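Working notes, beginning with the structure itself.
Values in this text are rule-based calculations from the coordinates and carry no lab data. Quick caveat, the model's predicted, so the values are computed rather than measured. Glycine gets a Cβ as well: all are built from the backbone with ideal geometry, and neighbour counts include every protein chain shown.
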Amino acid sequence: MTVDIHESVLRWVLDSLPADGRAHEPQVDPGPEHPDIEARMQESLEQNRGRILKLLASVLLTATLAGLRAALDYWNAELGTHAQTPETWVQDMRHWAENRARRLFATVEQALREAVDQMVERLKENGVLRNQILEQVNKFLSQSETINASANRVGMENDSDATYAAFLYANQELGAPGKCWITAQDHRVCIACQQNQWAGWIPIDVLFPSGHDRPPAHPRCRCAARYHGVTRKALVSL
Ligand SMILES: [Zn+2]
Ligand SMILES: [Zn+2]
């Protein structure tokens, strides 16, 4: 086995030598920067564009519906009402999710690139030859699960953002005049989030000191937002 690995590395080095035999930096890395893999990846993204956007939008829409639900549950419990999610809210969230999905397409591309990178690294470590690596990458990109996994991963990374976006939206629709930022209140809270909390109650349309209109302020932000001033009348009239 060891011999095989050495042979394949040697083959790559020899392959990378120019015709005149002059040695140069051996280009043994057939990573995604390799034109064949790059071209195949672009082709795959183009072919699956519609499906990726649909998948992403549906993950995001589900998260926004949870945000609408959370806002209504909160105020229904607070004010003793039984308001249901209005259809117009769902329509607005669908548009929001579709727009956000389009903007996240490049992130799916990045996720796919990382998946291919990892695969190439693994194959290289196992001493797989370059043309076989290309073949395997080709096969990998032809499987629908490959695209699904990348789109899902990006969707899940953005689902709390979608939930909070909908939570803010619902409170705006209900006419909440104010909001505040709530941190996890421990030593791991970053300075930006801490300053947002220190700002206290602010008007709902104003940005927090970090420049955000709501949490999360960054990946793995553990903060939440609270809203006030919604009336019983606003819920009953939904
Ligand atoms: Zn933070
Ligand atoms: Zn935070």
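Quickly work out the Glu98-to-Glu38 label distance, labels modelled 7 Å from Cα along the C-beta direction, and quote it in nm with one decimal.
The answer from the label model is 3.4 nm.
Put a dot 7 Å past each Cα toward the Cβ at Gln132 and Ala149; how far apart are the dots in nm?
If labels sit at Ala149 and Gln132, their model points lie 2.0 nm apart.
Name the residue farthest towards the positive end of the dipole of the range 107-238 from the options Val230, Asn131, Trp181, assuming +1 on Cβ of Lys and Arg, -1 on Cβ of Asp and Glu, about the Cα centre.
Positive-end residue among those listed: Val230.
Residue separation times 0.36 nm, minus the C-alpha to C-alpha distance between Arg222 and Ala70: what's the value?
Stretched out fully, the Arg222 to Ala70 stretch lengthens by 53.0 nm.
With r as the distance between the Cβ atoms of Gln84 and Leu207 and R0 = 30 Å, compute the FRET efficiency 1/(1 + (r/R0)^6) and round to 0.05.
Calculated transfer efficiency: 0.45.
Order by neighbour count: Glu87, Glu98, Glu43, fewest other Cβ atoms within 10 Å first, most last.
Ranked by crowding around the Cβ, least crowded first: Glu87, Glu43, Glu98.
Determine the calculated [θ] at 222 nm for the chain from helices alone, applying -39500 (n - 2.57) to every DSSP H run no shorter than 4 residues and normalising by the residue count; nearest 500 deg cm²/dmol.
Helices in the chain give a 222 nm mean residue ellipticity of -21000 deg cm²/dmol.
Within the range 219-238, what residues put their amide N at less than 18 Å from the label point 7 Å along the Cα-to-Cβ vector of Ile182?
221-231
What is the Cα centroid distance between the range 67-132 and the range 179-197, reported in whole angstrom?
Each part reduced to its Cα centre gives a spacing of 25 Å.
Which distance in nm do the two modelled labels at Arg232 and Glu125 give, with both placed 7 Å along the Cα-to-Cβ direction?
Each label point is offset 7 Å from its Cα along the Cβ direction, giving 6.4 nm.
Kirkwood hydrodynamic radius, computed over distinct alpha-carbon pairs, for the chain: how many Å, to one decimal?
21.3
Rg and Dmax of the range 176-236 over Cα atoms: what are they, in angstrom?
For the range 176-236, the Cα-based Rg and Dmax read 12.5, 42 Å.
At R0 = 41 Å, how high is the FRET efficiency between Trp198 and Arg51 if r is their beta carbon distance? Nearest 0.05 is fine.
The formula returns an efficiency of 0.35 here.
State the extension gain, in nm to one decimal, for the chain segment bounded by Cys190 and Lys139, taking 0.36 nm per residue of separation less the distance between their alpha-carbons.
Taking Cys190 through Lys139 to full extension adds about 14.0 nm, to one decimal.
Quick one: dipole size for the chain, taken about the Cα centre, charges +1 on Lys/Arg Cβ and -1 on Asp/Glu Cβ, in debye to the nearest 20.
It works out to roughly 1040 debye.
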